[in-house]
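Beneath this line is the structure, given in structure tokens, with notes to follow.
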There are 4 protein chains.
Amino acid sequence: MWNESEMTTENSTISNAITRILSEHEQLFSRIQLENLDDVVQSLHDANRIFLIGAGRTGFMIKAAAMRLMHLGYTVYVVGETNTPAISNGDLLLAASGSGTTGSIVKAAETARKSGAAVISFSTNQDAPLAQLAQHSVIIPAAGKQEFHTSISAQYAGSLFEQSFLILFDGLVHFLWKKSKTSPEELWTRHANME
Amino acid sequence: MWNESEMTTENSTISNAITRILSEHEQLFSRIQLENLDDVVQSLHDANRIFLIGAGRTGFMIKAAAMRLMHLGYTVYVVGETNTPAISNGDLLLAASGSGTTGSIVKAAETARKSGAAVISFSTNQDAPLAQLAQHSVIIPAAGKQEFHTSISAQYAGSLFEQSFLILFDGLVHFLWKKSKTSPEELWTRHANME
Amino acid sequence: MWNESEMTTENSTISNAITRILSEHEQLFSRIQLENLDDVVQSLHDANRIFLIGAGRTGFMIKAAAMRLMHLGYTVYVVGETNTPAISNGDLLLAASGSGTTGSIVKAAETARKSGAAVISFSTNQDAPLAQLAQHSVIIPAAGKQEFHTSISAQYAGSLFEQSFLILFDGLVHFLWKKSKTSPEELWTRHANME
Amino acid sequence: MWNESEMTTENSTISNAITRILSEHEQLFSRIQLENLDDVVQSLHDANRIFLIGAGRTGFMIKAAAMRLMHLGYTVYVVGETNTPAISNGDLLLAASGSGTTGSIVKAAETARKSGAAVISFSTNQDAPLAQLAQHSVIIPAAGKQEFHTSISAQYAGSLFEQSFLILFDGLVHFLWKKSKTSPEELWTRHANME
């Protein structure tokens, strides 16, 4: 548990701050029901095309996830980028929002559902609109970005959620990669070669 | 011809500035050899996938071009965006640079050629490295963005090139669209529906 | 006026398509009340910071506008980019949407107004929510992007609006630049030097 | 140490993959010389403006870092975004590249140095051109993205570097935040309010 006296010590150096962050992840991942990710694996397999959406820092993590899915050979589009077409029947939307209430993301999830696409959400809160809209919701019980004085994380705003989404998704990517039995050299041929 | 006394008048109001801009386009397009665009039409048709690259404001015009090609049903990727894979044999790179010397774009064109992809360049200068690298080069004889005191354009930096690339490409798009005999309603189904 | 028999001729070549586009602009700009841009000039001058927003191809034109305002020395932020802070009292939002109904843009304009910021809109329709929300609305009477069978433009979707916003704003930029009496070389020192 | 027999077990489930990732971070951070970050703290404090650059997934982590620095009140620009001006004397460039050899990033660092700006690099390799160019180089001894068969990480390509850069920088952010003695509510007023 995090209290004022511990804060003094733990924030006194960057090293202590990082130790604290890694410890938050150890505790957080012990509380995530990772078997729910089996639904994600199945949905990725079944999808015609995969669309991804997130805002702010979560949006950057979503892009990191999208890029790895592309490396693995999936057809992916990030909402808001130039070549992203309309989502439609048979597609899948992966939507991440710590609070599960970000307006543009909830609206996108509604559009996806109306268009016949499946929706998987990643958020901190099962009761939020985004999780309620999704066929499958992955709950990461990190603090929300406006829950400022919580014992779950000492970090500012949604940092723990953003970091843990990246690690969770990269764990999923690792699993998918090993399951595919492809060599890293094979995946490498898909990496952007013009930047 | 543009001189100081004319500048005084033509810049005195926004209306005069716009009249001047439209007049620059009338003169510019009379000097572009549009039959060279037939090669672009053929290359777009032959390409497996189409990659597009541009920097700064030209980069925004390239994205506008890419989005319309997507609406028309082409498979397009903008260099630097999340889902852009490696370019390879059978692909096409459309590269725009007013000067034809922008380092990152010349380098991308070299990579494209080495990978077996075709390259079409859009620039102001046939002698520039980018035009020399390209199989087909479309020359838009607007002022380059560091040719500050030229009679071709009174506008700042590469504005005339950027505007004329947009109009030129939208002319090409219009031609491709009419040739395809598809209704606007059909194209509309491809428009992003989650923003 | 545009009709089927004319279309046959005018679309038969790319050259005819471009001639058609330039002619659409001549007609369009004769119908824009450019004196309304005086309010834009004043608002830009009065603003603490300038925020810009647009979606799709209009969003790319907004970015082109933002980049030139930066070159001129204004403090600008594009909504959705990494370093964009909260808009607040004394700031100005420039919001462009052909239809004036794009959800995310109308919502941003509402937020801007509630935050005490000024809003200037660019759209085709004075009756649309965006124009109604704005203190000053610039009407570009181009066809909206879902007005498919109109006599104003033969082009697909919002192309005429997007092109004309670029030309209009660059006309404004030209006016502001000349008024500032700065040399192009001075402006050039602000151009991004790391891409 | 990671070997084939362990791989079989550790990759059999997503849960095992995440356990593996967290364990890689525990080991990695025990090998980073975090006292070097004191130079980063000082450089951030001294800088006029802070520019950040990264490519691919590292670029997304750089954007996450930039956004938090903005929340903390620093003046930040991401290379390649619309409002990014020229870097100049008194500015600071934070450049991240796992390999330390990415062409566009090395070139940006050279430009920064020539312009009189300071450069801090984040990479896996002290001998790489990027680290050599930088006044201060932070070494994260993760595997490089083309070091495919290493014992440091079982993950694909640069994933460990990308994740650890995020955690490292967020540790730095946490330290800067606590040192500034500002409340989370104060920081929150800077969060983008139009998305």
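The values are calculated or read from the model by the stated rules, or taken from the named source; none is laboratory data. What you are looking at is a predicted structure, and each value in this text was computed from that prediction instead of being measured. Neighbour counts are summed over all protein chains in view; Cβ atoms, including those assigned to glycine, are modelled from backbone coordinates with ideal geometry. For accessibility, only protein heavy atoms count, side chains too; no ligands or nucleic acids. Shrake-Rupley method; radii C 1.70, N 1.55, O 1.52, S 1.80 Å.
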| task | Find every distance from the label point of residue D:45 to the corresponding label point in the other copies (7 Å from Cα along Cα→Cβ) and write them in nm, one decimal, shortest first. | result | 4.3, 5.5, 6.7
| Which of these, B:13, B:150, B:58, has the largest mean-square fluctuation under a Gaussian network model of chain B (Cα springs below 10 Å)? | B:13
| task | Partner chain Cβ atoms within 10 Å, averaged over the residues of D:57-70 - can you pull that number for me? | result | 6
| task | Net charge near residue A:98: determine it from the other residues with C-beta under 10 Å of the C-beta of residue A:98, scoring Lys and Arg +1 and Asp and Glu -1. | result | 0
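Between chains B and C, what is the buried accessible area summed over both chains (1.4 Å probe, protein heavy atoms, nearest 100 Å²)?
Values: alone 11050 and 11040 Å², together 16860 Å².
About 5200 Å² of accessible surface is lost on pairing.
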| query | Just the Cα atoms of the range B:4-189, one point each, no solvent: what log10 I(q)/I(0) does Debye give at q = 0.09, 0.15, 0.17 Å⁻¹? | reply | -0.34, -0.88, -1.08
| query | Suppose every K and R has +1 on its Cβ and every D and E has -1 on its Cβ; what is the size of the dipole of chain C about the Cα centre, in Debye to the nearest 20? | reply | 500
| task | Note down, for the protein assembly as shown, the three equivalent ellipsoid semi-axes (square root of 5 times each alpha carbon gyration tensor eigenvalue), biggest first, whole angstrom. | result | 43, 28, 27
| Say a label goes 7 Å from Cα toward Cβ at residue D:26 in every copy; what distances in nm does this one have to the rest, shortest first? | 0.6, 7.6, 7.6
| task | Please report, in debye to the nearest 20, how large the charge dipole of the protein assembly as shown is about its Cα centre when each Lys and Arg carries +1 at its beta carbon and each Asp and Glu carries -1 there. | result | 0
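At a Förster radius of 22 Å, what calculated FRET efficiency corresponds to the Cβ-Cβ distance of residue D:148 and residue D:127, to the nearest 0.05?
E between residue D:148 and residue D:127, to the nearest 0.05, is 0.65.
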| field | Cα→Cβ-extended label distance, 7 Å offset, between residue C:46 and residue C:89, nm | value | 1.6
| request: Return the percentage of antiparallel bridges among DSSP beta bridges fully within the range C:4-189, rounded to the nearest 5 %. | output: 0
| Of the listed peptides B:22-34, B:117-129, A:128-140, what is their order by residue-averaged count of other C-beta atoms within 10 Å, with the highest listed first? | B:117-129, A:128-140, B:22-34
| said: Can you give me the % of accessible surface on the protein assembly as shown that is carbon or sulfur? Probe 1.4 Å, all protein chains present, nothing else counted. | reply: 47
| query | Put a point 7 Å out from Cα along the line to Cβ at residue C:182; what are the distances to that point in the other copies, in nm, shortest first? | reply | 2.8, 4.4, 4.9
| Furthest towards positive pole of dipole, D:142, D:167, D:94, structure part the range D:4-189, Cβ charges | D:94
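Can you give the average number of partner chain beta-carbon atoms within 10 Å of each beta-carbon in peptide D:97-108, as a whole number?
Across the residues of D:97-108, the mean count of other-chain Cβ atoms within 10 Å is 2.
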| request: For residue A:181, list the lysines whose Cα falls under 22 Å from its own Cα; do not include residues on the same chain fewer than 8 positions away. | output: D:145
| request: Ignore the peptide's own chain and count Cβ atoms of other chains within 10 Å of each Cβ in C:163-172; give me the average, rounded. | output: 5
| remark: For the residue C:36, residue D:19 Cβ pair and Förster radius 56 Å, calculated FRET efficiency rounded to 0.05 is 0.35
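What does the net charge come to around residue B:14 if you take all other residues with beta carbon closer than 9 Å to its beta carbon, with K and R at +1 and D and E at -1?
Local net charge: -2.
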